[in-house]
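Read-outs: derived from the displayed coordinates by stated rules, not from any lab. Just so it is clear, the model here is predicted, and its values are computed rather than measured. Don't worry about glycine lacking a Cβ; one is built from the backbone with ideal geometry, like all the others, and counts go over all protein chains shown.
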Amino acid sequence: MKILLIEDDIKIIQSLRKGLEENGYEVDIAYDGMIGKLLARRNEYTVIVSDIIIPGINGVQLCQEIRKEGVRTPFIMLTALGALEEKLVGFDAGADDYLVKPFDFLELLARIRVVTKRIKSEPVTANVLRYADLEMNLTTREVIRNNQRIDLTGKEYALLEFLLRNSERVLSKVDIAEKIWDIRFDTGTNIIEVYITLLRKKIDRDFSIKLIHTHYGIGYVLKQE
């Protein structure tokens, strides 16, 4: 269990490193985004934990760049900013979880266990997911519909992958919230509707056959109609 920890505050990084090592993790550390990116590309890690505000490139840029290069290591962002908009930026970059400072070290351990458990439990599948004329390459992260390439953000990609893996099955907002955002569904937020709308604009808008459908009061489904 090897963790990459990226943080420019020496006291914080040494404290986290000590706690993680006491809990059986091997830890590599980086004090800026460029070194963090180099290590993330060079080594295999169980989890990457990175502050957002770091020298070089920030944590959001770091996550975006390694995701584009095919690094799918679970990524937990640390930040002093807890607004929904800030979290969406992190999730869009490809982050798996988001922890707001100050936080209890035991909460970080719990988040690490959750993301690693989820990755371990995901079945090994073929490198390409297909439904109708829609295709997703899990290795290159390319999405193609009817021979047209579609560019997606990190969270749009994760949402579409979840729909593809469960094609023709209606997925509730609770299912989506727990799988894609790893949170309990909050009836006071429209985050899922927002991302379904964004995904439809890219997947369905320019095509006569629509694939993403709403079952009102239930959820969403990927199917041909």
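Our estimate of slack between K179 and I57, defined as 0.36 nm per intervening residue step minus the Cα-Cα distance, is 41.1 nm. Which of (1) 18.2, 57; (2) 25.3, 81; (3) 19.3, 64 is the computed Rg and Dmax of the Cα atoms in Å for the structure on display? It is the value labelled (1). If a spin label sat at a point 7 angstrom from the Cα of Q224 along the line to its beta carbon, the backbone N atoms of segment 142-162 nearer than 16 Å would be those of 145-147. With θ taken as phi - 60° and the Karplus curve 6.51 cos²θ - 1.76 cosθ + 1.60 applied, the whole-hertz 3J(HN,Hα) list for segment 205-213 is 4, 8, 10, 5, 8, 8, 10, 9, 10 Hz, x standing for glycine and proline.
Computed from point charges on the beta carbon alone (+1 for Lys and Arg, -1 for Asp and Glu), the dipole magnitude for the chain about its Cα centre is near 540 Debye. In this label model, I10 and D133 are separated by 6.0 nm, measuring between points 7 Å along each Cα→Cβ vector.
Measuring r between the beta carbons of N147 and H213 and using R0 = 25 Å, the FRET efficiency lands at 0.60. Taking other residues whose beta carbon is less than 13 angstrom from the beta carbon of A40, and scoring Lys, Arg as +1 and Asp, Glu as -1, yields +2. The alpha carbon convex hull volume per residue for segment 1-123 rounds to 99 Å³.
The Cα center of segment 22-44 and the Cα center of segment 56-80 differ in position by 12 Å.
Let's test the formula: R0 of 35 Å, r as the Cβ-Cβ distance of N43 and K202. What FRET efficiency results, to the nearest 0.05? Efficiency for this residue pair is about 0.60.
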